[in-house]
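**Q** Before anything else, here's the structure in question.
The values are calculated or read from the model by the stated rules, or taken from the named source; none is laboratory data. Small disclaimer: the values here were computed from a predicted structure and weren't measured. Note that we place each Cβ from the backbone using ideal geometry, even for glycine, and neighbour counts take in every protein chain shown. Note: accessible area is taken over every heavy atom of the protein model, side chains too, but ligands, DNA and RNA are not part of it. Shrake-Rupley method; radii C 1.70, N 1.55, O 1.52, S 1.80 Å.
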Amino acid sequence: MSVGHYENFPVGSLLLPRKMRRAVHAIYHFARYADDVADEGEASPAERLAELDRLEADLDRIAAGEPTRIELMAPLAAAIAAHDLPLQPLRDLLSAFRQDVAKTRYQNFAELVDYCRRSANPVGRLMLALSGESDARSLAQSDGICTALQLINFWQDAAVDWGKGRVYLPQEDLARFGVDEAQIAAGRFDAQWRALMLYQVERTRKMLQAGAPLGRTLRGRLGLELRLIVMGGDRILHKLHASGGDVFGQRPKLGAGDWIYMMWRACRAK
């Protein structure tokens, strides 16, 4: 359950209620495949978009009660039918992945949060739908957690994403703190980079903490799972803060000591 890509998606976890596991697997495989279509391999942008359109067409078939044509969509259709899951979060994911094909820079934080609204928040909303939670407060807290986790991924992977031709740090913030893309390319850690990263860490921490009470609202194993995910994100933020945001030398990740600490805290915070 590292914080990054879809590894913070609670796939196959023994902590999940058994009745949810098959549906979670189906959602995960859809999201992971679509994400990889947008990001991985040597396909052209046109080929990537065409495959994402194929997935969207199968969502249309599911909505119309028709058989799917893509193999991985059949389990998803079954999960949607069994749990009465909404289709809009799945469409939002595809919207974000289409954006990944063409957009590699974000002018301001609002643009980045809008991307997170479609790339990350749908996962939390689908998990809430599986658990039967749909009140406005829970949805807002889930959105805060998911957006924060996506942002944490961006901050810890700033150097990795540069290698893929992408910069998720808002252009306005780069200019504000006197950092340019040449500095990212060179992997140069200095006072300006430190100030930029600590600024991002602090506002992301506030967002994560605002959503954290949802981990106590949700009961049983799902609540424990969510508390672990939130604490994992918080530990990564702690490591980023401690290093001053120096992600050029080593990408922050969770170790055995972090897991012991997180499990202890998650079990106590009921």
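**Q** Could you name every one of the helices (runs of 4 or more DSSP H) located completely within segment 162-270 that has at least 2 residues being touching a residue at least 24 places away in the same chain (Cβ under 8 Å) and out of contact with any strand residue (DSSP E or B) (no Cβ under 8 Å at 6 or more places or on another chain)?
**A** 171-176, 191-211, 214-217, 220-242, 256-268
**Q** For segment 67-118, name all the residues that are charged (D, E, K, R) and closer than 24 Å to Leu130 by Cβ.
**A** Glu71, Asp84, Arg91, Asp92, Arg117, Arg118
Okay, residues lined up against (1) crowded, with 16+ Cβ neighbours inside 10 Å; (2) in contact with a Leu (Cβ under 8 Å, 6 or more places away or on another chain); (3) at pLDDT 95 or above:
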{"position": "Val11", "(1), (2), (3)": "yes, no, no"}
{"position": "Arg22", "(1), (2), (3)": "no, no, no"}
{"position": "Ala26", "(1), (2), (3)": "yes, yes, no"}
{"position": "His29", "(1), (2), (3)": "yes, yes, no"}
{"position": "Asp60", "(1), (2), (3)": "no, no, yes"}
{"position": "Arg69", "(1), (2), (3)": "no, no, yes"}
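**Q** Test of understanding: among Val113, Val123, which residue is surrounded by 22 or more Cβ atoms within 10 Å (Cβ to Cβ), in contact (Cβ under 8 Å) with a residue 12 or more places away in the chain and among the hydrophobic types (A, V, I, L, M, F, W, C)? Reasoning before the result, please.
**A** Details: Val113 fails: surrounded by 22 or more Cβ atoms within 10 Å (Cβ to Cβ).
Sole residue among the options that is surrounded by 22 or more Cβ atoms within 10 Å (Cβ to Cβ), in contact (Cβ under 8 Å) with a residue 12 or more places away in the chain and among the hydrophobic types (A, V, I, L, M, F, W, C): Val123.
**Q** Please determine whether any residue of segment 87-98 is assigned to a helix (DSSP H, G or I) and under 25 Å from Gly220 (Cα atoms).
**A** Within segment 87-98 (the criterion being assigned to a helix (DSSP H, G or I) and under 25 Å from Gly220 (Cα atoms)), the answer is yes, since at least one residue qualifies.
**Q** Please work out which one of (1) part of a loop (DSSP other than H, G, I, E, B); (2) of a type in the set (A, V, I, L, M, F, W, C); (3) at pLDDT below 95 is the condition Val123 fails and give its number.
**A** (1)
**Q** Listed residues Ala129, Ala46, Ala77, Ala148; which is loosely packed, with under 13 Cβ neighbours inside 10 Å, part of a helix (DSSP H, G or I) and small (Gly, Ala, Ser)?
**A** Working: Ala129 fails: loosely packed, with under 13 Cβ neighbours inside 10 Å; Ala77 fails: loosely packed, with under 13 Cβ neighbours inside 10 Å; Ala148 fails: loosely packed, with under 13 Cβ neighbours inside 10 Å.
Testing whether each residue is loosely packed, with under 13 Cβ neighbours inside 10 Å, part of a helix (DSSP H, G or I) and small (Gly, Ala, Ser) leaves just Ala46.
**Q** In addition: Regarding Arg205, is this residue open to solvent by 40 Å² or more (accessible area, probe 1.4 Å), under 22 Å from the mean Cα position of the chain (by Cα) and under 16 Å from Met127 (Cβ atoms)?
**A** Spelling it out, it is not the case that Arg205 is open to solvent by 40 Å² or more (accessible area, probe 1.4 Å), under 22 Å from the mean Cα position of the chain (by Cα) and under 16 Å from Met127 (Cβ atoms).
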